[in-house]
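Okay, structure first, notes after.
The values are calculated or read from the model by the stated rules, or taken from the named source; none is laboratory data. The structure displayed is predicted, hence computed values, not measured ones. No Cβ is skipped: glycine too gets one built from the backbone with ideal geometry, and neighbour counts run over all protein chains shown. What goes into the accessible areas is simple: the full protein's heavy atoms, side chains included, and nothing from ligands, DNA or RNA. Shrake-Rupley method; radii C 1.70, N 1.55, O 1.52, S 1.80 Å.
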Amino acid sequence: MNTILRKSILGIAGLAFTGGVFAGPVAAHAADTTHAAKPAAVSVQGDKLIPHGVQGEQSRIDLNDEQTANVKAIIAATKKAGMDERAAVVSIATALQESKLENLGHLGDRNDHDSQGLFQQRPSSGWGTVEQITDPEYSTLAFLKGLKQVDGWQDMPLTKAAQTVQVSAYPDHYAQWEQQAADLVAQHWNK
């Protein structure tokens, strides 16, 4: 086989492997829970919750009691931080992508480095201790602190705002959760 062709094939295989390693915990965790988006349950999203409209095909999962409690914790932390519903939408969409709203501990061989919690934050990257980043309020406040530092985040598409804070290997994947995140904020913000 010609050397250039062989190197190209090995390079593509390496990228595929690396993508699997980086997406491993979330991709493995999300395997059978995602399905095509249903029509929005709430029609009041407009400018406030989805100012740019959704980007791309939307995903949706059914939430259990733990995931719903984490949605409520994210909303409470957003209010505590003095931020609005749009910040909650960005936060919830990010947590949907990173953990499917489950407060993940260390996943052993399936772990992406030392990422843990709702936002898959890493102690080694300065997000806090394991105990802190697996506390829904703390991890949300840490995410929001990062979001506040992004100039013009309110005017960005959700996926760009989330990516600027998270620095994910898959920056466009946040967009698929915007509709469900907006529905959840509309449902739980005033409760």
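Scan segment 63-70 and tell me whether some residue there is at pLDDT below 80 and either out of contact with any Ser or Thr (no Cβ under 7 Å at 6 or more places or on another chain) or farther than 23 Å from residue 153 by Cβ (or both). No: segment 63-70 contains no residue that is at pLDDT below 80 and either out of contact with any Ser or Thr (no Cβ under 7 Å at 6 or more places or on another chain) or farther than 23 Å from residue 153 by Cβ (or both).
Scanning segment 150-165 for residues that are open to solvent by 20 Å² or more (accessible area, probe 1.4 Å), of a type outside the set (D, E, K, R) and not in a helix (DSSP H, G or I) yields 152, 156, 157. Checking each residue of segment 166-184 against the condition of being modelled with pLDDT of 95 or more, open to solvent by 20 Å² or more (accessible area, probe 1.4 Å) and part of a helix (DSSP H, G or I) gives at least one match.
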